[in-house]
Amino acid sequence: DLVRMSQVLEHVADPVELLRRVRGLMAPGGRLVVGVPNIRSLARRLTGGSWDGLEFPRHLMHYDRDSLIWVLALGGFGVRSVRTAPLLGVLPGSIDARTSGGHRQRGWSDALPVRAAMYPVEWVLGAAGLGDGLVAVARPV
């Protein structure tokens, strides 16, 4: 009835095939909830190649709203909603890497006080449609 794929699709070489398999396992009228990093987030635009959501080479694909809807449609799903969401810790990690002059984080962004201070910013960005994550809700068609 419900399948949740959180931070999965970006790691898969053939996401359409995976989605088709998932669709074949689902009950009629079931629901799929997918979460992926958002390549068009504000943090990504501001920190460029230092954005923590890139995670090369672990992330094989990167998604924005349109490409996520497209891959879900190819996999046999009709999208009911897509929204941005925070990926807690991505923003401070991205700032850490960007301000170090390269793609490596110095580590200050892992400190609990830093993360706790950034969480409200990440939540506001998510609610404003600028978050580092995308969450889609879809149904088999």
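The values are calculated or read from the model by the stated rules, or taken from the named source; none is laboratory data. Being a predicted model, the structure only gives us computed values, none of them experimental. Virtual Cβ from ideal backbone geometry, glycine too; neighbours counted across all protein chains shown. Surface accessibility is based on the protein's heavy atoms, side chains included, excluding ligands, DNA and RNA. Shrake-Rupley method; radii C 1.70, N 1.55, O 1.52, S 1.80 Å.
Data table
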{"read-out": "Members of segment 39-73 that are more than 23 Å from Trp123 (Cα to Cα) and open to solvent by 70 Å² or more (accessible area, probe 1.4 Å)", "value": "Phe56, Pro57, Arg58, Leu60, Trp70"}
{"read-out": "Those residues of segment 74-95 which are touching a Pro at 6+ places or on another chain (Cβ under 9 Å) and in a helix (DSSP H, G or I), in sequence order", "value": "Leu74, Val90"}
{"read-out": "Selection count where residues are touching a residue at least 40 places away in the same chain (Cβ under 8 Å), open to solvent by 70 Å² or more (accessible area, probe 1.4 Å) and within 15 Å of Leu46 (Cβ to Cβ), scope segment 75-102", "value": "1"}
{"read-out": "Near pairs, Cβ below 9 angstrom, 6+ apart or cross-chain, from segment 58-73 (in a helix (DSSP H, G or I)) to any residue that is modelled with pLDDT under 95 and surrounded by fewer than 17 Cβ atoms within 10 Å (Cβ to Cβ)", "value": "Ala73/Val141"}
{"read-out": "So Arg98, is it among the basic types (Lys, Arg), in contact with a strand residue (DSSP E or B) (Cβ under 8 Å, 6 or more places away or on another chain) and not in a loop (DSSP other than H, G, I, E, B)", "value": "no"}
{"read-out": "Residue within segment 2-17 that is within 21 Å of Val121 (Cβ to Cβ) and small (Gly, Ala, Ser) present", "value": "no"}
{"read-out": "Leading residue by the ranking (surrounded by the most Cβ atoms within 10 Å (Cβ to Cβ)) among those in segment 103-126 that are touching a residue at least 24 places away in the same chain (Cβ under 8 Å) and part of a helix (DSSP H, G or I)", "value": "Glu122"}
